[in-house]
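What follows is a single structure, written as structure tokens, with notes after it.
The values are calculated or read from the model by the stated rules, or taken from the named source; none is laboratory data. Computed from a predicted model, the values in this text were never measured in an experiment. As a convention, Cβ positions derive from the backbone with ideal geometry for all residues, glycine included, and neighbour counts pool all protein chains shown. In case anyone asks, the SASA skips ligands and DNA or RNA and just uses the protein heavy atoms, side chains included. Shrake-Rupley method; radii C 1.70, N 1.55, O 1.52, S 1.80 Å.
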Amino acid sequence: EAVLELRNIARHYREGDARLDILVDVDLAIYPGETVALVAPSGAGKSTLLHIAGLLERADGGETLINSAPTSKMNDRERTSLRRSAIGFVYQFHHLLPEFSALENVVLPQMINGLGRKDAEGRAQQLLEYLRLGTRASHRPSELSGGEQQRVAIARAVANAPHLLLADEPTGNLDPRTAEHVFATLLTLARHSGLAALIATHNLDLAEQMDRRVTLRDGRVEELP
Ligand code: ADP
Ligand code: ADP
């Protein structure tokens, strides 16, 4: 069964009198363990699509299913709860909490999701070690390199063992070598954990390493070779 399914998703914005049809009729299904690259020019609607898939934003039409559960009729509390347990996000900028250590940044979402501190810390430490950040656990984000910050953000995204990982230009702010390394880490982790991953990227070399590539054309998803 699909982890993420988008059916006939539509989304428009208004700008004064103008109506911008960003997503017109989006269909997309992603299965466990599958990594999908979303490659499209700026303004095509990639972030909008990721926000709708991640239950951060509602579509105007269509249905978003997470593990086969339709979400459009859920209330905001139900959507938030599903998002916290089933979906992880990585952004272009790490958005880590600056006052907290790397470890605490990975602990917090687990405690918010209901786990006790001891268990959350154990899992956070294990994840940071898996991402080769074991010796960085007590450092604040500002004391880490860009690649390390982004790896902590990845650890945070998967801390609650989500089924779906969504990433918006996760290596867009990194130099090419670091980007390659962080991306490899992301793919390894996704495959190791059987995650379904949808990753927006401008980097075609990185997109080539994923299982499938899709683009947005005139508000519709099209498969790329
Ligand atoms: P991408 O991530 O592919 O660059 P976005 O989804 O961010 O595309 O945006 C698609 C289009 O929708 C852009 O033209 C953007 O300016 C517009 N847009 C995005 N969010 C809003 C909003 N809240 N209100 C109005 N227009 C928006
Ligand atoms: P294994 O999973 O066989 O133990 P790994 O070296 O891949 O081997 O994993 C090292 C540690 O990291 C293990 O304790 C594993 O449970 C943990 N780990 C791996 N992937 C994840 C993940 N996505 N989330 C949490 N822990 C993970």
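The condition (being under 15 Å from Glu169 (Cβ atoms) and more than 10 Å from ligand 1 (Cβ to nearest atom)) is satisfied by just one residue among Ala37, Ala59: Ala37.
Only one of the numbered conditions (1) within 13 Å of the chain's Cα centre (by Cα); (2) at pLDDT 95 or above is violated by Glu169, and that is (2). Test Glu143 against the criterion of being more than 29 Å from Gly62 (Cα to Cα), of a type in the set (Asp, Glu) and at pLDDT 95 or above, and give yes or no. Here the answer is yes, as Glu143 does meet what is asked.
Applying the condition of being open to solvent by less than 30 Å² (accessible area, probe 1.4 Å) and part of a loop (DSSP other than H, G, I, E, B) to region 176-224 and asking which residue is nearest to Arg156 (Cα to Cα) yields Leu195.
For beta carbons closer than 7 Å, sequence separation of 6+ or different chains, a first residue in region 142-167 that is under 14 Å from Tyr130 (Cα atoms) and a second that is assigned to a helix (DSSP H, G or I) and open to solvent by 20 Å² or more (accessible area, probe 1.4 Å), the qualifying pairs are Glu148/Arg136; Arg151/Thr185; Ile154/Thr185; Arg156/Pro109; Ala159/Pro109; Ala159/Arg123.
With respect to (1) of a type in the set (Gly, Ala, Ser); (2) in a loop (DSSP other than H, G, I, E, B); (3) more than 16 Å from ligand 1 (Cβ to nearest atom), the lone exception for Gly172 is condition (3).
The test for being of a type in the set (D, E, K, R) and crowded, with 20+ Cβ neighbours inside 10 Å holds for Asp168.
Could you tell me whether Ala37 is within 25 Å of Arg191 (Cα to Cα), under 20 Å from the mean Cα position of the chain (by Cα) and either open to solvent by less than 10 Å² (accessible area, probe 1.4 Å) or hydrophobic (A, V, I, L, M, F, W, C) (or both)? Judged against the criteria, Ala37 is a match. Pick from region 122-144 the residues that are of a type outside the set (S, T, N, Q), outside any helix (DSSP H, G or I) and open to solvent by less than 100 Å² (accessible area, probe 1.4 Å): which of them is farthest from Glu99 (Cα to Cα)? Result: Leu131.
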